[in-house]
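The numbers here are math on the coordinates, done by the rules we state, and not lab data. Predicted model only: the values in this text are computed from it and were never measured. Cβ sites come from the backbone with ideal geometry, for glycine too, and all protein chains shown count toward neighbours.
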Amino acid sequence: MPNGAQALMNTLADAGVTVCFTNPGTSEMHFVAALDDEPRMRAVLALFEGVATGAADGYARMADRPAATLLHLGCGLGNGLANLHNARKGKVPVVNIVGDHATYHVPLDAQLQSDIETVARNVSPGFVRTSKSTAELCRDAVDAVVAARGLPGQVATLILPADVSWGDGGTPCPPPPAPTPSSADAVTVEAIAALLRGGGKTALLLGGHALREPALLAASRIAAKTGAKLLSEVFPTRLERGAGRPPIERIAYLAELAGVQLAGLEHLILVDAKSPVSFFAYPGKVSDLVPAGCTVHTLSTSAQDAAASLAALARALDAEQTPVTVQPAQRPGRPRGRLTAEKVCKAVGHLLPDNAILVDEAITSGLMLPVMTAGCPAHDLITLTGGAIGQGLPNAIGAAIACPKRPVVALIGDGTAMYTIQSLWTMAREQLDVTAIIFNNASYSVLNVELERVGAERIGAKARSQLDINGPRLDFARLAQGMGVHAARADTAEAFVKALEYALSHPGPHLIEAMVPESLGGAKRRILPWLLRALPALPPGVARALKRKLAP
């Protein structure tokens, strides 16, 4: 009869959880040993828990099923919290397995003892369970899988005491049935349809699964039929975009620019999306971005089937055959001259392969990425859902493992890259087809922008030094080479294009270090707060034009 860990491994694989991102310790050794008994389970080692959790997030976004993590006690879980936070905000399914001391060892309060359940509830509020016995372990695991993969997806945390893992008498459990989410009810659909028939300035705000192609097509038909505006949440979990797919306008990160996009709306209809709020609070500025006089409605929640709900709404509006506007195929030209962040984005748009996965954690350096890649061949976009930086490189690992035949291109800021730089080692070990582009502007540029926006007084040299990573300047090409990743450094557009062409034509992983100035530096940064404050007083057409200039 198998022990608990062996039975657990079999149960997970039967339930479709066939990848585990690991950073184990002593309490998890029986789980580690059980990996050899289950050929269906792929084990991927990360050198830092935040890489493991971020990789599980990226995997689930692209595979549409959860991966597992294996973390060591409360401290290991704590190291992985930031990317579990991003997964929680993105409603991404993850089965989080956290080892614990043997049940009889817990009362001794050993050096690594902690309250794991309390730590876990920060990122896994819907399901946290400590398995009490080997006999119950596999049933607990099935419950965790059910919780993770339902709608909305979530992080489900199963805490595994060492003696429950090594104990004899483990009994694998059969896989749970596939989830069958409901869609918007007929009354809701008809109420929203009547609202859209009635005219008025209306927008559909799409998030989550509403940003996949079938849902986008239905939403585009509805918009074409009724004149409603289509908007996307600021940071999509996964957006299917590019040539031949319906275009959609993302709400801007800066609240002032989002206000321009939402101005004048009378009705805002949510589809698997949250009502828009400012990313942070700012002195003298509102946090709720819904304009005065606008009523918020919900077609479908994150617990419902967004595509089915939009299809039902299209039927109610007799819009099923309405022609759809799609993004035409177009690419920017080949950039030349001194390298800038905009030229990096232009080069990516010029060369992005068909069916690529684009991971965007470029922060300010990626301001031009959406417009430069809009007409590229159809691709998927992954973004920073929870705002906790250090997501991009681990997400790229998970996406590449979920979709091994698709090229992954990750655009990453230099500050955020250092949070999970260990990802490069895992990319090399697993020989993943990832091209990581690091924007090296030697600054936490977005924080310099925020320092200007929040109205902080007496900004001196000491304050500025906390946002400056220029001394010593990081050398990402050497860091990558030290972890087994082919790397190049470029400070001209010609050199960058040559490096990107090489990376995309040879199996990865690759890293290209782009030596660029800040996108929002110097005079641009100083004038930005003034421009943002002026927006409400400008004529709507001028405000919209300025918004397109600042954040296309």
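Brief remarks on what is shown
- Near-label residues of the range 239-261 by backbone N, under 18 Å of a point 7 Å along Cα→Cβ of Ala281: 255-256
- Helix-only CD estimate at 222 nm, as mean residue ellipticity for the chain, using -39500 (n - 2.57) per DSSP H run (n ≥ 4): -11500 deg cm²/dmol
- Helix 213-226 and the long axis of the chain differ in direction by around 30°, with both axes built from C-alpha atoms.
- Two-site label geometry, Glu320 and Ala110: point separation in nm, points 7 Å out along Cα→Cβ: 6.2
- Contact order relative to length of the chain, as percent, for alpha carbon pairs under 8 angstrom and 6 or more apart: 14
- Using C-alpha pairs under 8 Å with a sequence gap of at least 6, the mean separation divided by the residue count of the range 364-442 gives a relative contact order of 33 percent.
- Tilt relative to the chain, helix 4-14 - C-alpha long axis, 0 to 90 degrees, to 10: 40
- Of all beta bridges that DSSP places with both ends in the range 186-316, some 5 percent have antiparallel geometry.
- Restricting the trypsin sites (Lys or Arg not before Pro) of the range 317-421 to loop positions (DSSP other than H, G, I, E, B) with no more than 16 neighbouring Cβ atoms within 10 Å leaves Arg336, Lys405.
- In straight-distance terms, cross-link reach from Lys229 covers every one of the lysines whose alpha-carbon lies under 27 Å from its own, apart from those fewer than eight places away in the same chain; here that gives Lys89, Lys91, Lys201, Lys274, Lys285, Lys547, Lys549.
- Added length on full extension, which subtracts the Cα-Cα distance from 0.36 nm per residue, Ser133 to Ala461: 112.3 nm
- For the chain, taking a cut-off of 4.7 Å between Cβ atoms, the unpaired cysteines are Cys20, Cys75, Cys294, Cys345, Cys376, Cys403.
- Sequence of Thr383, Thr373 once ranked by neighbouring C-beta atoms within 10 Å, starting from the fewest: Thr383, Thr373
- Whether the chain is rounded, prolate or oblate, judged on the alpha carbon gyration tensor where a/c under 1.5 counts as rounded: oblate
- Counting charges near Arg489 (Lys, Arg +1; Asp, Glu -1) among other residues having Cβ under 14 Å from its Cβ returns a value of -2.
- Evaluated at q = 0.14, 0.18 Å⁻¹: base-10 log I(q)/I(0), Debye formula over Cα of the range 4-166: -0.58, -1.01
- C-alpha long axis of helix 49-63 to longest principal axis of the chain, angle in °: 70
- Which of Val189, Val155 has the fewest Cβ neighbours within 10 Å, and the rest in rising order: Val189, Val155
- Relative contact order, percent, the range 341-520 [alpha-carbon distance under 8 Å, six or more residues apart]: 25
- Diffusion coefficient (Stokes-Einstein, Kirkwood radius over C-alpha pairs, 20 °C, 1.002 mPa s) for the range 186-316: 145 µm²/s, rounded to a whole number.
- Here Phe280, Phe476, Phe235, Phe21 are placed in order of increasing Cβ neighbour count within 10 Å, fewest first, which gives Phe280, Phe235, Phe476, Phe21.
- Radius of gyration, Dmax [the range 341-520; alpha carbons; angstrom]: 15.9, 53
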